[in-house]
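To start, the structure under review is shown below, and the notes come after it.
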Amino acid sequence: MFTGIVEELGEIVRSTETADDSALVAIRGPLVTSDARHGDSIAVNGVCLTVVDVDGGVFTADVMGETLRRTALGALRPGDPVNLERAAALNSRLGGHLVQGHVDGVGEIVAREPAAQWETVRFRLPAGLARYVVEKGSITVDGVSLTVAEVGDDWFSVGLIPTTLKLTGLGAKQVGDPVNLEVDVLAKYVERLLGERAAGGAR
């Protein structure tokens, strides 16, 4: 479990294809590897990955073909920046919201509107995710916990403050770039519970 508060802006070192359409990815992150061990979880652009090895501030993780196809990780190349966050400890503050590191879909930046103190960014929503996104609700974009400013049938927008623009990879993303999206898991649980209640009433 994560909080969507990025700890470090890391960098892809290399990605080596392995059998069965998977890859072994090496990522530089001196902060998140300072106490990392084999088997620990680290979110990379919002994708929960398991640490295989740590060596000199670089950790490696196996990425299955399914993950490469269903997230934007497959588009990353050596040198690309990535948002990194270690799994939350039970005694840590929940600065963002509950984030699982399970990507629900890949969105796309469709517009950026700079302002004096912040920037409004609009993203395209994959089909089927819009019902989980509400104004002033939470959403995770490339591992960053954000508050939804506006939402439409197939899009939503957020406001990025200078700290977010500077300390995460969202500051360098351009129109057309893909992003990993994770909707608020509470919304999915509520939908499931209400659906079961309605089905029970129908019977």
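Net charge within 13 Å of residue 55 by Cβ-Cβ distance, Lys/Arg positive one each and Asp/Glu negative one each, not counting residue 55 itself? Walk me through the numbers before you get to the answer.
On the way: positive: 14, 28, 37; negative: 53.
Taking every other residue near residue 55 into account, the sum is +2.
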Which of 14, 93, 37 moves most in a GNM of the chain, Cα contacts under 10 Å?
93
Calculate the all-directions average of the projected area of the stretch 111-167's alpha-carbon convex hull, and give it in nm².
3.9 nm²
Straight-line reach from residue 188: which lysines fall under 25 Å, measuring Cα to Cα and dropping same-chain residues less than 8 apart?
136
Within the stretch 24-48, which residues have the backbone N less than 15 Å from the label spot 7 Å out from residue 167 along Cα→beta-carbon, could you tell me?
31-32
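With only alpha-carbon pairs counted, each pair once and no self-pairs, how large is the Kirkwood hydrodynamic radius of the chain in angstroms?
Over the chain, the inverse of the mean reciprocal pair distance is 17.6 Å.
Please report, in debye to the nearest 20, how large the charge dipole of the stretch 1-75 is about its Cα centre when each Lys and Arg carries +1 at its beta carbon and each Asp and Glu carries -1 there. Please list the in-between numbers first.
Working: 5 positive and 12 negative charges, 32 e Å.
That gives the stretch 1-75 a dipole magnitude of about 160 debye.
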Can you tell me the orientation of helix 185-202 relative to the chain, as the angle in degrees between its alpha-carbon axis and the longest Cα principal axis, to the nearest 10?
40 degrees
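Using helices alone, what [θ] at 222 nm do you get for the chain, with -39,500 (n - 2.57) per DSSP H run of 4 or more residues, divided over all residues and rounded to the nearest 500?
-4500 deg cm²/dmol
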Any idea which of 146, 180, 26 is furthest toward the positive side of the dipole for the chain, if Lys and Arg beta-carbons carry +1 and Asp and Glu beta-carbons -1?
146
What does the accessible area of residue 44 come to, in Å² to the nearest 10, when a probe of 1.4 Å is used?
0 Å²
For the pair residue 188/residue 92, report the inter-label distance in nm, with labels modelled 7 Å from Cα in the Cβ direction.
2.1 nm
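Using the Cβ atoms and a cut-off under 12 Å, what net charge is assigned to the surroundings of residue 25, where Lys and Arg are +1 and Asp and Glu are -1?
On the way: positive: 14, 28, 77; negative: 11, 17, 53, 62, 80.
Here the count lands on -2.
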For the stretch 1-33 and the stretch 53-107, what is the centre-to-centre distance using only Cα atoms, to the nearest Å?
6 Å
How long are the three semi-axes of the equivalent ellipsoid for the stretch 6-93, computed from the Cα gyration tensor as the root of 5 times each eigenvalue, in whole Å, largest first?
20, 13, 13
In order through the stretch 94-100: 3J(HN,Hα) via Karplus (6.51 cos²θ - 1.76 cosθ + 1.60), integer Hz, x for Gly, Pro:
8, x, x, 8, 5, 10, 8
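When you have a sec, figure out the Kirkwood radius of the stretch 101-203 from all distinct Cα pair distances and drop it here in Å to one decimal?
On the way: mean 1/r = 0.0692 Å⁻¹.
It is 14.5 Å.
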With r as the distance between the Cβ atoms of residue 130 and residue 22 and R0 = 41 Å, compute the FRET efficiency 1/(1 + (r/R0)^6) and round to 0.05.
0.85
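The values are calculated or read from the model by the stated rules, or taken from the named source; none is laboratory data. Note that the coordinates shown come from a computational prediction; the quantities given were computed from them, not determined experimentally. Every residue, glycine among them, receives a Cβ derived from its backbone with ideal geometry; neighbour counts consider all protein chains shown. Keep in mind that these areas ignore ligands, DNA and RNA; they rest on the heavy atoms of the full protein, side chains included. Shrake-Rupley method; radii C 1.70, N 1.55, O 1.52, S 1.80 Å.
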